[in-house]
Amino acid sequence: MEDLNRTAPKLPIPGKRNILITSALPYVNNVPHLGNIIGCVLSADVFARYCRLRGYNAIYICGTDEYGTATETKAMEENSTPKQICDKYYAIHREVYKWFNISFDEFGRTSSPQQTEICQAIFKKLLENNWLSENSMQQLYCDTCERFLADRLVEGNCPTEGCNYDSARGDQCENCGKLLNPTELINPRCKQCKNTPRIRDTNHLFLELPLLKDKLVHYIESTSVAGGWSQNAIQTTNAWLKEGLKPRCITRDLKWGVPVPLEEFKDKVFYVWFDAPIGYVSITSCYTPDWEKWWKNPENVELYQFMGKDNVPFHTVMFPSTLLGTGENWTLMKTISVTEYLNYEAGKFSKSKGVGVFGNDAKDTNIPVEVSDTLFTWSDLQAKSNNELLNNLGNFINRVLSFLAKPPGSGYGSVIPDAPGAGSHPLTNKLAEEVGKYVEQYLEAMEKVKLKQGLKTAMSISSEGNAYLQESQFWRLYKEDQPSCSIVIKTSLGLVYLLACLLEPFMPSFSVEVFKQLNMPPEQASLCDEKGDMDKAKRPWEILPAGHKIGTPEPLFKELKIEEVEDYRKKFAGSQADRLEREEVEKASKLAEELKKKATVGGKKQQAKKPAGEAKSRGAVEPEISITRLDIRVGLIKKAQKHPDADSLYVEEIDLGEGDCRTVVSGLVKYIPLEEMQNRKVCILCNLKPANMRGIKSEAMVLAASSSDHTKVELVDPPQSAIVGERVTFPGFEGEPDDVLNPKKKVWETLQVDLQTNSDLVACYKDIPLTTSAGVCKVATISNGSIR
């Protein structure tokens with residue numbers, strides 16, 4: 001975290017590279033998970049640390065995004081005020097990032113007076129320059145609560161045909177996935193008081209993006225090339241432009257937010273998409289009153305912004321348009337770094353659902369936090385920790401330092417030897433040439449913000465070091481050719497120092513420990529000399545001085561054993577709510593055991609009372625909601641006919657390899673011709689509770705995909721050679737299905753939201769394909785459709 005006892009804040013220095021770094025402001029309504037932290041906060045920190053090691057004048061700005069509907073909703077859930085929620089979670093965020101050793105220059109919050117001042121000043125400039133318009137909108141209004149209801153404060157029945165989910169939100173139905181407007185809900189109700197709201201007109205202010213298009217396009221075309229934007233960022237931005245920019249509402253009927261400074265809009269606040277990016281500016285103003293030297297100085301400052309892919313349009317379209325509209329000389333984003341979603345054990349991390357390892361959880365593992373990838377799995381973490389850190393990096397450094405620390409006669413007594421003639425030593429020259437190339441590749445990757453490539457390249461130097469030690473056979477040289485042994489050891493020590501510097505942006509705690517073992521101050525870490533280059537990397541034997549005495553060598557990493565990995569996997573399985581429930585059950589079980597022991601008096605067992613508050617039916621823990629609980633199998637439709645009492649329904653007899661066929665009723669008449677339903681292999685959900693459909697008992701459900709507008713439906717097809725009756729699996733997920741899904745627990749409804757087809761027409765659960773022994777299940781033409 002930022003140094004609370006810091007000296008004067010840094011300001012841009014003429015003639016130096018001045019780099020302003022931001023990461024997307026994490027929303028304050030929950031604990032950040034590894035997806036948030038790695039996706040933008042940690043990536044930006046790696047780049048900020050790299051910039052400082054290169055001697056650039058860099059500052060790193062971040063903070064919590066605190067205004068908006070989600071905060072108000074969370075406050076209602078926790079029976080507190082929005083400010084209390086923000087204060088609570090700001091402290092949690094700050095503590096989590098402190099543990100992760102994030103080197104912010106300022107970590108602030110958007111609920112500050114500075115945010116209000118700067119946000120309103122930008123708004124007034126847009127108003128003055130005629131980039132704003134006023135329009136009327138229809139919104140739901142609750143007479144009981146006396147307020148307009150934001151999308152997430154309304155619930156009702158989903159209007160989508162065939163869905164009718166009774167808890168659809170005003171912005172989206174979690175059951176069928178369809179995006180909604182609150183006014184579309186059937187039987188809407190206020191989430192707070194449960195009363196029925198009414199539709200009412202309300203006036204709002206809009207930013208006229210179409211009028212700003214020419215300025216925006218000029219900025220995008222010039223900067224995306226100069227800043228080396230990724231294809232991901234360019235494609236997302238161009239998609240918005242191609243679709244056509246529309247006026248964007250910048251006000252909301254809420255109480256928690258930056259107030260609109262106009263009398264006729266005094267009861268409204270700014271929409272979070274408008275005010276949140278301005279938080280970068282206001283948090284910088286908390287860092288220094290001379291914030292304009294960073295934010296209104298495009299000639300001397302480069303702005304690098306880090307975020308997840310869902311935030312791209314707000315940083316390439318919305319925020320630049322806002323700043324361009326003021327007519328002032330703002331520092332606009334030069335380079336954007338976009339991170340893909342981090343998945344957890346083949347499923348997506350989710351704050352709202354509490355799925356994944358959260359920042360406060362990570363502290364409990366004591367595992368180096370710097371090892372990460374797009375897919376987080378415990379087995380992959382174990383492999384990376386043991387193979388890359390322990391066996392490669394840790395092994396190399398420990399071998400070199402431990403040998404040096406041996407007493408004279410078997411080592412060097414911890415004193416670095418001189419190494420005359422190193423420049424003409426063939427094996428050492430070969431190593432130096434390879435290391436020089438790797439360092440150049442590392443610098444090139446890091447300058448282009450290709451952080452993963454930079455890390456991979458740095459680790460390659462450690463591999464070269466291990467190979468160098470083996471090929472030199474230094475332990476034999478010590479006895480047979482001490483001058484050559486001294487060259488190998490002094491050169492290897494130079495690599496140890498170099499690795500501590502190259503890896504400091506990724507693993508700062510590792511670097512601090514290496515410098516401690518080298519008996520050198522960590523502040524000495526640098527990726528440039530007085531000339532700003534890295535020439536010494538090509539002569540690693542010159543990096544550390546002869547005669548310097550090192551500290552005490554110790555292992556840098558410990559083996560992560562399979563038993564520990566399994567413990568972590570079990571500990572962090574399911575959602576945070578599931579974990580809390582498991583803890584409560586474990587506590588109750590322990591208490592019951594203690595009471596049983598106390599109940600045995602004088603050899604006679606007494607009847608123990610149940611602990612107060614323990615649920616009567618709490619004998620077994622409800623399993624976590626996992627895709628493995630669904631029993632999906634390959635079926636063969638032996639016969640299909642129309643339902644005798646319902647024009648929209650088919651009745652199918654389906655062979656599931658059980659001997660007798662199951663009867664299934666499906667609402668597919670209007671989508672699939674009867675002849676296409678005959679003798680066809682399909683995917684069947686077999687463990688739904690049987691339901692009576694117009695007088696016929698349906699014993700399973702045929703899986704089908706529907707287009708986003710629900711005008712087209714297609715069956716999910718297993719491969720033709722798939723075995724009838726075999727279970728459809730999801731690679732990475734293991735477990736037995738429920739005998740019958742409990743409808744009260746809404747297992748199917750929860751999982752169905754994440755069943756969809758991808759762009760390759762493959763049926764997936766959270767990007768994991770539905771898989772049979774003969775291959776994956778697909779649909780004919782519907783991409784990005786929902787499966788039900």
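The values are calculated or read from the model by the stated rules, or taken from the named source; none is laboratory data. Note that this is a predicted model, so its numbers are computed, not measured. Cβ placement follows ideal geometry from the backbone for every residue including glycine, while neighbour counts extend to all protein chains displayed. SASA here: full protein model, heavy atoms, side chains in, ligands and nucleic acids out. Shrake-Rupley method; radii C 1.70, N 1.55, O 1.52, S 1.80 Å.
Quick notes on this structure:
- Of everything listed in (1) without any contact (Cβ under 8 Å) to a residue 12 or more places away in the chain; (2) touching a Lys or Arg at 6+ places or on another chain (Cβ under 8 Å); (3) among the acidic types (Asp, Glu), the single unmet condition for ASP655 is (1).
- Strands (runs of 3 or more DSSP E) fully within the stretch 678-730 counting 3 or more residues that are open to solvent by 70 Å² or more (accessible area, probe 1.4 Å): none
- Filtered by the rule that a residue be at pLDDT 90 or above and under 24 Å from the mean Cα position of the chain (by Cα), the stretch 731-757 gives LEU751, GLN752, LEU755, GLN756, THR757.
- Of everything listed in (1) part of a loop (DSSP other than H, G, I, E, B); (2) within 19 Å of ASN395 (Cβ to Cβ), the single unmet condition for CYS528 is (2).
- Failed criterion for TYR271 (all others in (1) surrounded by fewer than 21 Cβ atoms within 10 Å (Cβ to Cβ); (2) out of contact with any helix residue (DSSP H, G or I) (no Cβ under 8 Å at 6 or more places or on another chain) hold): (1)
- For first residues located in the stretch 435-456 and farther than 24 Å from PHE306 by Cα, partners that are open to solvent by less than 90 Å² (accessible area, probe 1.4 Å) and not aliphatic (A, V, I, L, M) and lie 6+ apart or on another chain with Cβ distances below 8 Å form the pairs VAL435/GLU464; VAL435/PRO540; TYR438/THR457; TYR438/SER460; TYR438/GLU464.
- Residues located in the stretch 268-284, provided they are assigned to a helix (DSSP H, G or I), over 11 Å from LEU25 (Cα atoms) and out of contact with any Gly (no Cβ under 8 Å at 6 or more places or on another chain): TRP273, PHE274, VAL281, THR284
- All of (1) assigned to a helix (DSSP H, G or I); (2) touching a strand residue (DSSP E or B) at 6+ places or on another chain (Cβ under 9 Å); (3) free of Cβ contacts under 8 Å to residues at least 40 places away in the same chain hold for TYR478 with one exception: (3).
Let's see how each residue does on (1) in a helix (DSSP H, G or I); (2) open to solvent by less than 80 Å² (accessible area, probe 1.4 Å); (3) within 17 Å of THR322 (Cα to Cα):
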{"site": "ASP201", "(1), (2), (3)": "no, no, no"}
{"site": "PRO210", "(1), (2), (3)": "yes, yes, yes"}
{"site": "ILE220", "(1), (2), (3)": "yes, yes, yes"}
{"site": "ASN232", "(1), (2), (3)": "yes, yes, no"}
{"site": "ALA239", "(1), (2), (3)": "yes, yes, no"}
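- The set of residues in the stretch 398-436 that are within 23 Å of SER511 (Cα to Cα), of a type in the set (Gly, Ala, Ser) and assigned to a helix (DSSP H, G or I) comprises SER402, ALA405, ALA432, GLY436.
- Tallying residues that are open to solvent by 20 Å² or more (accessible area, probe 1.4 Å), modelled with pLDDT of 90 or more and either in contact with a helix residue (DSSP H, G or I) (Cβ under 9 Å, 6 or more places away or on another chain) or of a type in the set (A, V, I, L, M) (or both) within the stretch 11-38 yields 5.
- Picking from residues in the stretch 285-303 that are in contact with a Pro (Cβ under 9 Å, 6 or more places away or on another chain) and outside any loop (DSSP other than H, G, I, E, B), the one that is surrounded by the fewest Cβ atoms within 10 Å (Cβ to Cβ) is LYS293.
- Residue within the stretch 386-393 that is at pLDDT 95 or above and open to solvent by 50 Å² or more (accessible area, probe 1.4 Å) present: no
- Every residue from the stretch 735-785 that is touching a Gly at 6+ places or on another chain (Cβ under 6 Å) and on the phi > 0 side of the Ramachandran plot: LYS766
- Of the criteria (1) at positive phi; (2) touching a helix residue (DSSP H, G or I) at 6+ places or on another chain (Cβ under 6 Å), which one ARG788 fails: (1)
- Screening the stretch 321-332 for residues that are of a type outside the set (Val, Ile, Thr) and crowded, with 22+ Cβ neighbours inside 10 Å and picking the one that is farthest from GLY63 (Cα to Cα) gives GLY325.
- Scan of the stretch 731-760 for residues that are over 18 Å from LYS178 (Cβ atoms), in a loop (DSSP other than H, G, I, E, B) and either touching a residue at least 60 places away in the same chain (Cβ under 8 Å) or open to solvent by less than 40 Å² (accessible area, probe 1.4 Å) (or both), ordered by number: PRO731, GLY732, PHE733, GLU734, GLY735, GLU736, PRO737, ASP738, LEU741
- Total residues in the stretch 420-441, condition open to solvent by less than 40 Å² (accessible area, probe 1.4 Å) and in contact with a Pro (Cβ under 8 Å, 6 or more places away or on another chain): 3
- Residues in the stretch 245-263 that are farther than 18 Å from LYS125 by Cα, open to solvent by 20 Å² or more (accessible area, probe 1.4 Å) and touching a residue at least 60 places away in the same chain (Cβ under 8 Å): 5 in all.
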